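One structure is given below, encoded as structure tokens.
Readers should treat all values here as calculations from the given coordinates under stated rules, not as data from a laboratory. What you see is a predicted model; the values in this text were computed from it and never measured. Positions of Cβ are backbone-derived with ideal geometry, glycine not excepted, and every protein chain shown enters the neighbour counts.
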Amino acid sequence: VRNKVMNPVTKPAFAVDAGAVALIDGHDGVGHVLTVLATKEAVKRAKAHGIGVVGVRNSNHFGTCMYYTLMGAREGCVMFLTTNGGPAMAPWGGRKKIIGTNPWSVAAPVGKRAPFVVDMANTGVARGKIYLARNKHLPIPLGWAINNAGEPTTDPQEAIDGIILPMAEHKGYAIAAMVDVLSGVLTGSGFLSSVHSPYKTAEKSNCGHLMIALNIEAFQPLAQFNTRMEEFADEIKAVPTAKGFDEVFYPGEIEFNNNLKNRKEGIQLPEDTLADLKRIAKETGLESKLPLP
Ligand SMILES: NC(=O)c1ccc[n+]([C@@H]2O[C@H](COP(=O)([O-])OP(=O)(O)OC[C@H]3O[C@@H](n4cnc5c(N)ncnc54)[C@H](O)[C@@H]3O)[C@@H](O)[C@H]2O)c1
């Protein structure tokens, strides 16, 4: 915001508004605000047409994918979301980073159980976890990243300055490339090296997103889907555990449990993060409005 690469007041406009399909130009507004709008639009269109597809271009980093796909699941949709991001990894076999971690998420309701949510970056690990390790002064596991010299590293700063490795080798790279085609090329936003990370604040983000909502009622009664998803979850949960495991989870379940726990016990912030928040609150005159310890 200070560098004027992101507009603090989001003023979106429809570049396309055509029944099941819409394209929102975010005019470099706040990614979270734009993606909430895209989610609502996709759900609305899915309710009318069975499917709603909304692209967003000229957006900014929106945080976690599952916040938005869960919004859709609560509305009775199977929800799919992709986003591209600033360069973090090299194409498989290359040693120049030009492709983002490019996460994607699918969420669906599971009746009385925790919703089913897949939400993952295509790097072996989300970059946020490397920043968190740096803030906590902890080493990262081998296999997460290579340094600028192309050597494996456990130093989070070297990893941030170097190249993060894709999950599942060439397959993570291939999925990240697909996400960039959907989020960047198709929406008319930036792609590959023309997208910039929120940690690089000199240039505008240029990132794009694609949201697809499928109205479950268009496929089968919602109650039937919920029962079938409960059966799906029950069968997974009933699998006997392997050595070293106490429980088998389906995707989204651990995050659901953490959410309940955090809401009860509060969220632990690393000291550095807390110090950053306090400094920014002071600089922006928001100190009195933030309930920071
Ligand atoms: N906006 C951006 O540009 C951006 C970029 C990168 C990451 N992110 C976000 O960072 C977050 C972290 O991503 P990640 O790749 O580290 O996720 P992760 O590796 O923690 O989890 C990936 C998936 O595996 C599932 N899972 C994890 N452990 C499991 C278990 N034991 N059993 C069953 N399922 C299990 C999770 O529910 C999740 O769906 C995501 O929310 C992502 O959207 C955002």
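Select from the range 89-102 the residues that are buried (at least 24 other Cβ atoms within 10 Å of the Cβ) and either β-branched (Val, Ile, Thr) or under 20 Å from HIS32 (Cβ atoms) (or both) and list them in ascending order.
Across the range 89-102, the qualifying residues are ILE99, GLY100, THR101, ASN102.
Mind checking which pairs have a first residue in the range 242-254 that is closer than 20 Å to MET120 by Cβ and a second that is hydrophobic (A, V, I, L, M, F, W, C) and assigned to a loop (DSSP other than H, G, I, E, B), Cβ under 7 Å, 6 or more apart or different chains?
Listed pairs, sorted by first residue: VAL248/VAL239; GLY252/ALA114; GLU253/ALA114.
Specify the residue that is surrounded by the most Cβ atoms within 10 Å (Cβ to Cβ); the eligible residues are those in the range 233-272 that are charged (D, E, K, R) and within 20 Å of the chain's Cα centre (by Cα).
GLU253
Quick one: in the range 63-84, which of the residues that are assigned to a loop (DSSP other than H, G, I, E, B) and surrounded by fewer than 22 Cβ atoms within 10 Å (Cβ to Cβ) is nearest to the ligand (Cβ to nearest atom)?
THR64
Out of curiosity, is PHE249 within 11 Å of the ligand (Cβ to nearest atom), assigned to a loop (DSSP other than H, G, I, E, B) and more than 29 Å from MET178 (Cβ to Cβ)?
Criteria not met by PHE249.
Spot the failing condition for LYS278; the list is (1) free of Cβ contacts under 8 Å to residues at least 60 places away in the same chain; (2) within 15 Å of the ligand (Cβ to nearest atom), and only one is missed.
Of (1) free of Cβ contacts under 8 Å to residues at least 60 places away in the same chain; (2) within 15 Å of the ligand (Cβ to nearest atom), only one is false for LYS278: (2).
Within the bounds of the range 22-35, is there any residue that is within 16 Å of the ligand (Cβ to nearest atom), touching a residue at least 12 places away in the same chain (Cβ under 8 Å), part of a helix (DSSP H, G or I) and of a type in the set (A, V, I, L, M)?
Yes, there is a match, as at least one residue in the range 22-35 is within 16 Å of the ligand (Cβ to nearest atom), touching a residue at least 12 places away in the same chain (Cβ under 8 Å), part of a helix (DSSP H, G or I) and of a type in the set (A, V, I, L, M).
Taking ALA159 as meeting all but one of (1) crowded, with 21+ Cβ neighbours inside 10 Å; (2) in contact (Cβ under 8 Å) with a residue 60 or more places away in the chain, write down the number of the exception.
(2)
What pairs can you find where one residue is in the range 224-235 and over 8 Å from GLY111 (Cβ atoms), the other is crowded, with 16+ Cβ neighbours inside 10 Å, and their Cβ atoms are less than 6 Å apart, with a gap of 6+ or different chains?
PHE225/ILE216; ALA233/VAL110; ALA233/ARG113; ALA233/TYR250
Answer yes or no as to whether PRO103 is in contact (Cβ under 8 Å) with a residue 60 or more places away in the chain and within 30 Å of LYS129 (Cα to Cα).
So PRO103 fits the description; yes.
Listed residues ASN135, ASN147; which is more than 24 Å from ILE267 (Cβ to Cβ) and touching an Asp or Glu at 6+ places or on another chain (Cβ under 6 Å)?
Exactly one of ASN135, ASN147 is more than 24 Å from ILE267 (Cβ to Cβ) and touching an Asp or Glu at 6+ places or on another chain (Cβ under 6 Å), namely ASN147.
For GLY162, are the conditions met, namely being farther than 28 Å from ASN58 by Cα, more than 20 Å from the chain's Cα centre (by Cα) and not hydrophobic (A, V, I, L, M, F, W, C)?
no
Scan the range 119-145 for residues that are closer than 22 Å to MET178 by Cα and either among the charged types (D, E, K, R) or within 13 Å of the ligand (Cβ to nearest atom) (or both) and jot them down.
Passing the criteria: ASP119, MET120, ALA121, ASN122, THR123, GLY124, VAL125, ALA126, ARG127, GLY128, TRP144.
What number of residues in the range 96-107 are assigned to a strand (DSSP E or B) and more than 13 Å from PHE256 (Cβ to Cβ)?
Final tally of qualifying residues: 4.
Determine, yes or no, whether LEU214 is outside any strand (DSSP E or B) and surrounded by 14 or more Cβ atoms within 10 Å (Cβ to Cβ).
In short, no.
Within 16 Å of the ligand (Cβ to nearest atom), surrounded by 20 or more Cβ atoms within 10 Å (Cβ to Cβ) and of a type in the set (Val, Ile, Thr) - does that describe any residue in the range 148-155?
no
What about GLY55, is it among the small types (Gly, Ala, Ser) and either within 16 Å of the ligand (Cβ to nearest atom) or under 19 Å from GLU253 (Cβ atoms) (or both)?
Yes: the conditions hold for GLY55.
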